[in-house]
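Have a look at the structure below before the remarks.
The values are calculated or read from the model by the stated rules, or taken from the named source; none is laboratory data. Since the model is a prediction, treat every value here as computed from it, not as a measurement. Backbone-built Cβ (ideal geometry, glycine too); neighbour counts: all protein chains shown. Remember, those area values only see protein heavy atoms, side chains included, never the ligands or the DNA or RNA. Shrake-Rupley method; radii C 1.70, N 1.55, O 1.52, S 1.80 Å.
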Amino acid sequence: MTEPLNVEQAAAMLRNADNILILCHKNPDGDTIGCGSALYYALASLGKTAAVLCSDPIPRRLSYTRPRLFRGEFEPGLVVAVDVAGTQLFGDSGLMPSYSRRVDLCIDHHAGNNGYAQYTLLNPEAAAAAELLWEVIEAMGVQLDSQMADCLYTGLATDTGCFRFANTKAKTHRVAARLMEAGARVEELNTLLFATKTRGQMEAERIARSHLEYALDGRCALIWLDRDEIEASQADPSDLEELAALPIGIEGVKIGLTFRQQPGGSWRVSIRTANGVDAVAVARRLGGGGHLRASGCELLGTLDNAKSAVLAEAKAVLDQSGEEA
Ligand SMILES: [Mn+2]
């Protein structure tokens, strides 16, 4: 059982620690990397030794975050996880397994966080872990600089789809305003994160669009990419995350599904839903989870089997919520 902490308690725990190891989730996104980096800079500004560990490389697009990466050079006095809802999300490459089983403090915003850490600061109302971490960094008495502001803004902007998703609250904008005041390069980051595609990403999108199918009387749209196609596209794994926005962006579609074959052959499914349709309910019985309008799961077997399993859950959820075609 984890012990819940409030913002001040989490800030005190960080202030009292040194040699702090910060863990991010595998397949890292802007929130986990933005938080890991911002926390690294905040701790460094207090004269502490800290470093970030992720079982996957930092995506090229997020390379400007430039945190110090952990290479085993110190014995951690405190292990902190940011934006990681469960131990299975740490991944198991490199040094990760030596530390992911003994997490002292978890700072997260996933309602489904399973309480794996000794202490947890959890706020499911926060649009991004970065929104919550901003409060912690303030409570630590750290003076935000432009690099920390860039990193926190990255988490805030990416988890809200550039402040478009339903998780965006007035508070999210207030925190963003504070980050702007601290020097976040908002226009530059928005262009980089939301209006620029790599050629690999464009190629993956072209192939995925060619596989577009409708199901459940048009209430559901799906796209997919198999392993050969992903390799042919030369897209980075992180480039593929945004594919999930395509099927749900079609008029009349209530559930958008994106199937991506993983190196081991399994199918990773991204589930996006329209307002009023619960994405977690689609993923839950398939062993997945996530947020109200964005969830995911991973399925073994053929594409056809994976599709029918997800469509059966999608149909049950749509029929229950009374969504007509
Ligand atoms: Mn997040």
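With respect to the stated conditions, ALA232 is open to solvent by 70 Å² or more (accessible area, probe 1.4 Å) and not in a loop (DSSP other than H, G, I, E, B). If the condition is being touching a helix residue (DSSP H, G or I) at 6+ places or on another chain (Cβ under 7 Å) and within 16 Å of the ligand (Cβ to nearest atom), then segment 95-115 contributes ILE107, ASP108, HIS109. Among residues of segment 36-58 that are closer than 19 Å to ALA149 by Cα and of a type in the set (Phe, Trp, Tyr), those with a Cβ under 7 angstrom from a residue that is open to solvent by less than 30 Å² (accessible area, probe 1.4 Å) and not in a helix (DSSP H, G or I), sequence gap 6+ or separate chain, pair up as TYR40/ILE22; TYR40/ALA50; TYR40/ALA51; TYR40/VAL52; TYR40/PRO67. Starting from residues that are buried (at least 16 other Cβ atoms within 10 Å of the Cβ) and among the charged types (D, E, K, R), keep the ones in segment 116-145 and report whichever is farthest from the ligand (Cβ to nearest atom). Only one residue tops the list, namely GLU138.
Output the residues belonging to segment 35-55 that are over 13 Å from LEU133 (Cβ atoms) and in a helix (DSSP H, G or I). Listed by number, the residues that qualify are ALA44, SER45.
Of the residues that make up segment 238-254, is at least one over 17 Å from the mean Cα position of the chain (by Cα), open to solvent by less than 50 Å² (accessible area, probe 1.4 Å) and closer than 17 Å to ASP56 by Cβ? No, there is no match, as no residue in segment 238-254 is over 17 Å from the mean Cα position of the chain (by Cα), open to solvent by less than 50 Å² (accessible area, probe 1.4 Å) and closer than 17 Å to ASP56 by Cβ.
Scan (1) farther than 15 Å from ALA274 by Cβ; (2) buried (at least 22 other Cβ atoms within 10 Å of the Cβ); (3) small (Gly, Ala, Ser) for the single condition ALA221 breaks and write down its number. ALA221 satisfies all of (1) farther than 15 Å from ALA274 by Cβ; (2) buried (at least 22 other Cβ atoms within 10 Å of the Cβ); (3) small (Gly, Ala, Ser) except (1).
If you check ALA184, ALA176, ALA170 for being hydrophobic (A, V, I, L, M, F, W, C), touching a helix residue (DSSP H, G or I) at 6+ places or on another chain (Cβ under 9 Å) and away from the ligand (no atom under 16 Å from the Cβ), only one passes: ALA184. Hey, could you check segment 68-84 for residues that are open to solvent by less than 20 Å² (accessible area, probe 1.4 Å) and in a loop (DSSP other than H, G, I, E, B) and say which is nearest to the ligand (Cβ to nearest atom)? Here the answer is ASP83. Every listed requirement among (1) in contact (Cβ under 8 Å) with a residue 24 or more places away in the chain; (2) part of a loop (DSSP other than H, G, I, E, B); (3) of a type in the set (D, E, K, R) is met by GLU251 save one, (1). Count of segment 261-305 residues, restricted to those that are farther than 24 Å from ALA204 by Cβ and in a helix (DSSP H, G or I), is 3.
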